[in-house]
Amino acid sequence: HERLFGGFSKTSSRLGDNLGGLFGKAQLDAATLDEIEEALIASDLGPATAARIRERLAAERFPLGLNEHALREVIAREIAAVLAPVAKPLEIDAFPRPQVILVIGVNGSGKTTTIAKLAHWLTEQDYGVMLVAGDTFRAAAIGQLKVWAERIGVPIISGAEGGDAASLVFEGVRQGTEKGIDVLIVDTAGRLQNKAGLMDELAKIRRVLGRLNPAAPHNVLLVLDATTGQNALSQIEIFGREAGVTGLVMTKLDGTARGGVLVAAAEKFGMPIHAIGIGEGIDDLRPFDADELGRAIAG
Ligand code: GDP
């Protein structure tokens with residue numbers, strides 16, 4: 001997990017400096033605890049988790065004397081404890097076929113790339129996958145998804161720019177059923193004229209799917225961009241409520257991304273986190289691992 005780089009690391013030298021003054025002591029002092037709590041909040045962890053970690057650290061005894069490693073261990077453990085209940089692998093049921101995964105998220109979040117990664121990941125597990133280019137508002141999105149489909153070697157249903165996404169989804173399920181496809185992954189628009197328009201569009205797709213099969217869509221994945229920090233929280237709030245999100249995928253957790261927002265999200269919404277994106281390549285999707293992110297954030 002060297003490629004995961006939590007926002008917390010920015011403050012690591014400050015943490016280390018403070019600890020130098022505490023050398024040999026068995027407990028953290030109030031000023032250092034304040035600094036740590038601030039650093040945790042600055043890392044997007046959210047005030048509730050930051051306060052709890054502070055309390056936990058205040059109660060912790062370091063019988064061998066304080067050191068940065070021991071401190072980070074406690075922080076990593078506490079973060080992992082918050083994340084563990086929401087770390088859930090994406091589940092693909094055996095029936096009915098095709099299972100429908102609706103993928104939603106604002107433009108630029110990494111939605112198209114995530115669909116490609118997911119299709120590749122499922123194909124590797126011998127699932128028969130088909131894509132539906134349901135973001136009919138962006139010609140570029142349709143084109144990009146076609147390129148990915150070709151590269152991965154999966155069929156794709158697409159129409160003209162400005163076409164009706166719900167009809168495309170209908171066609172996807174029809175052809176998917178006919179061809180014995182296991183998983184249908186549906187791209188959706190990331191932005192319309194306004195929020196109400198976007199939600200109407202998603203609702204219409206869900207209605208069409210629900211008419212074909214009451215359980216569909218079987219998964220509604222919300223793709224979030226880790227580099228947007230706190231913005232991700234408002235997206236969960238809006239899409240979660242109105243679009244029936246069943247799970248999250250956090251992209252761009254490579255580089256200097258701030259994974260801390262996932263902790264705040266877990267605390268606030270308790271929504272399953274399925275996977276993370278750690279790069280632009282087809283193999284850069286990982287199942288979400290609470291311990292791993294805990295360690296990455298704690299540094
Ligand atoms: P969409 O508009 O939501 O469909 O977003 P795209 O899939 O086109 O992605 C937007 C940009 O983010 C592209 O340049 C992608 O290569 C990039 N991207 C997507 N996922 C990741 C990721 O996990 N890490 C990094 N570093 N870049 C990503």
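The values are calculated or read from the model by the stated rules, or taken from the named source; none is laboratory data. Just so we're clear, the structure is a prediction, and the values are computed from it rather than from any experiment. Every residue, glycine among them, receives a Cβ derived from its backbone with ideal geometry; neighbour counts consider all protein chains shown.
Taking Gly162 as meeting all but one of (1) surrounded by fewer than 22 Cβ atoms within 10 Å (Cβ to Cβ); (2) assigned to a helix (DSSP H, G or I), write down the number of the exception.
The single condition Gly162 does not satisfy is (2).
Take the conditions in a helix (DSSP H, G or I) and over 28 Å from Ala266 (Cα atoms) and apply them to Ile181. Does it pass?
Working: in a helix (DSSP H, G or I): no; over 28 Å from Ala266 (Cα atoms): yes.
No: the conditions fail for Ile181.
When only residues in the stretch 277-299 that are more than 25 Å from Ile36 (Cβ to Cβ) and not in a loop (DSSP other than H, G, I, E, B) count, which is nearest to the ligand (Cβ to nearest atom)?
Residue satisfying both the conditions and the ranking: Gly277.
If only one of Ala264, Ala243 is touching a residue at least 24 places away in the same chain (Cβ under 8 Å) and either more than 16 Å from the ligand (Cβ to nearest atom) or over 15 Å from Ile104 (Cβ atoms) (or both), which one is it? Please lay out each step first, then the result.
Values: Ala243 fails: either more than 16 Å from the ligand (Cβ to nearest atom) or over 15 Å from Ile104 (Cβ atoms) (or both).
Criteria check complete, one pass: Ala264.
Could you grab me the full set of residues in the stretch 105-158 that are charged (D, E, K, R) and under 20 Å from the mean Cα position of the chain (by Cα)? Can you show your working first?
Residues of the stretch 105-158 charged (D, E, K, R): 111, 117, 124, 126, 135, 138, 146, 150-151.
Within the stretch 105-158, Lys111, Lys117, Asp135 meet the criteria.
Conditions (1) touching a Lys or Arg at 6+ places or on another chain (Cβ under 9 Å); (2) surrounded by fewer than 23 Cβ atoms within 10 Å (Cβ to Cβ), marked per residue:
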| position | (1), (2) |
| --- | --- |
| Val261 | no, no |
| Gly270 | no, yes |
| Gly279 | yes, yes |
| Asp291 | yes, yes |
| Gly299 | yes, yes |
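Out of all the residues in the stretch 123-141, is one or more within 14 Å of the ligand (Cβ to nearest atom), surrounded by 21 or more Cβ atoms within 10 Å (Cβ to Cβ), part of a helix (DSSP H, G or I) and modelled with pLDDT under 95?
yes
Scanning for something under 21 Å from the mean Cα position of the chain (by Cα), within 16 Å of the ligand (Cβ to nearest atom) and modelled with pLDDT of 95 or more, does the stretch 65-85 turn up at least one residue? Steps first, answer last, please.
So in the stretch 65-85, the residues under 21 Å from the mean Cα position of the chain (by Cα) come out as 76-85.
With within 16 Å of the ligand (Cβ to nearest atom) added as a condition, the list becomes none.
No: the stretch 65-85 contains no residue that is under 21 Å from the mean Cα position of the chain (by Cα), within 16 Å of the ligand (Cβ to nearest atom) and modelled with pLDDT of 95 or more.
Going through the stretch 208-239 one residue at a time, which ones are part of a helix (DSSP H, G or I), buried (at least 21 other Cβ atoms within 10 Å of the Cβ) and within 16 Å of the ligand (Cβ to nearest atom)?
Ala226, Ala232, Gln235, Phe239
Kindly list the number of the only condition in (1) under 20 Å from the mean Cα position of the chain (by Cα); (2) more than 30 Å from Leu168 (Cβ to Cβ); (3) exposed (fewer than 15 other Cβ atoms within 10 Å of the Cβ) that fails for Ser43.
(3) is the only condition that Ser43 fails.
Which condition does Arg211 not pass, out of (1) within 24 Å of the chain's Cα centre (by Cα); (2) free of Cβ contacts under 8 Å to residues at least 24 places away in the same chain, if it passes all the others?
Among (1) within 24 Å of the chain's Cα centre (by Cα); (2) free of Cβ contacts under 8 Å to residues at least 24 places away in the same chain, the lone unmet condition for Arg211 is (1).
Which of the residues belonging to the stretch 91-114 are near the ligand (Cβ under 8 Å from one of its atoms) and either under 19 Å from Ile273 (Cα atoms) or assigned to a strand (DSSP E or B) (or both)? Break it down stepwise before answering.
Here is the first cut: in the stretch 91-114, the ones near the ligand (Cβ under 8 Å from one of its atoms) are 105-114.
Gly105, Val106, Ser109, Gly110, Lys111, Thr112, Thr113, Thr114 - these are the residues of the stretch 91-114 that are near the ligand (Cβ under 8 Å from one of its atoms) and either under 19 Å from Ile273 (Cα atoms) or assigned to a strand (DSSP E or B) (or both).
Looking at Ala196 and the list (1) assigned to a helix (DSSP H, G or I); (2) at pLDDT 90 or above, which single condition is not satisfied?
(2)
Contact list please: Cβ distance under 8 Å, first residue in the stretch 173-187 and without any contact (Cβ under 8 Å) to a residue 60 or more places away in the chain, second residue small (Gly, Ala, Ser) and in a loop (DSSP other than H, G, I, E, B), pairs at least six apart or on different chains.
Qualifying pairs under 8 Å: Lys179/Gly128.
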